[in-house]
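Reading through the structure tokens given below for one structure.
The values are calculated or read from the model by the stated rules, or taken from the named source; none is laboratory data. Note that the structure is predicted; figures quoted are calculated from it, not measured. Here the Cβ is made from the backbone with ideal geometry for all residues, glycine too, and neighbour counts use every protein chain on show. Quick note on the areas: whole protein, heavy atoms, side chains included, nothing else; ligands and nucleic acids left out. Shrake-Rupley method; radii C 1.70, N 1.55, O 1.52, S 1.80 Å.
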Amino acid sequence: VFRRAGYTLLLASTSNEKDVELGLLRGFAQRRVEGVMMTMSDEADIELAEAIAGAPMPIVLIDRELLQNVDRVMADHRSGAEQAIEHLASLGHTRIGMIVGDPAAYPSRSRIAGWSRTTLRTSSIAVRTASSSDASSSGPSGRSSSKCMTDSVAPASRGCLTATIRPLPSRPVPR
């Protein structure tokens, strides 16, 4: 599709390393690429934000919300998490686990918000959430997060958060 339209697609992985992101932005600018779609390792990093805002080519951020002056495309992770938990609860599941990446990143923040909102509406569900500090749900961090889900007592030192949801008094909950 790209080639027929006269474009070449370049794909790069930064492993969420700011220096790699900055280097790629400089390299893309030197090669005069026509546009970049990217995520950011840290939405709050001023140097990276300035490099993106000052880039000579258009940039579209994927699933990042804090830079208001840059075009972006967002997925509705909050609604997705809500629907997933509601679906599992409707099937009779009473223990639900969720592993998220860096809790400071928009996708994880949104999923946690969906989890929180849904568990307030849903009674009698024990929910366990584990976050991975290296922003990866694979490899050693993913295994550690998965172990948190199955431990009967999850030590806080391993990043596991648990919550047992009890029925709330009857009152309307806004959707």
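In the range 1-30, what residues are in a loop (DSSP other than H, G, I, E, B) and open to solvent by less than 60 Å² (accessible area, probe 1.4 Å)?
ALA12, THR14
Are there any pairs, at least 6 apart or on different chains, whose C-beta atoms fall under 9 Å, with the first in the range 71-88 and in a strand (DSSP E or B) and the second open to solvent by less than 40 Å² (accessible area, probe 1.4 Å), and if so, which?
ASP71/ILE59; ASP71/LEU61; ARG72/LEU61; ARG72/ASP63; ARG72/ARG64; VAL73/LEU61; VAL73/ASP63
Filter the range 89-113 for residues that are closer than 24 Å to ASN16 by Cβ and in a loop (DSSP other than H, G, I, E, B) and give the result.
Once the filter is applied, which keeps residues that are closer than 24 Å to ASN16 by Cβ and in a loop (DSSP other than H, G, I, E, B), the range 89-113 yields GLY101, ASP102, PRO103, ALA104, ALA105.
Conditions: (1) in a strand (DSSP E or B); (2) open to solvent by less than 60 Å² (accessible area, probe 1.4 Å). ALA55 meets all but one. Number of the miss?
(1)
Among the candidates VAL33, VAL60, which residue alone is at pLDDT 90 or above, farther than 26 Å from ARG78 by Cβ and either buried (at least 17 other Cβ atoms within 10 Å of the Cβ) or not small (Gly, Ala, Ser) (or both)? Reasoning before the result, please.
On the way: VAL60 fails: farther than 26 Å from ARG78 by Cβ.
After applying the criteria, what remains is VAL33.
Just a yes or no: is a residue in the range 108-117 open to solvent by 40 Å² or more (accessible area, probe 1.4 Å), in contact (Cβ under 8 Å) with a residue 24 or more places away in the chain and in contact with a Gly (Cβ under 8 Å, 6 or more places away or on another chain)?
yes
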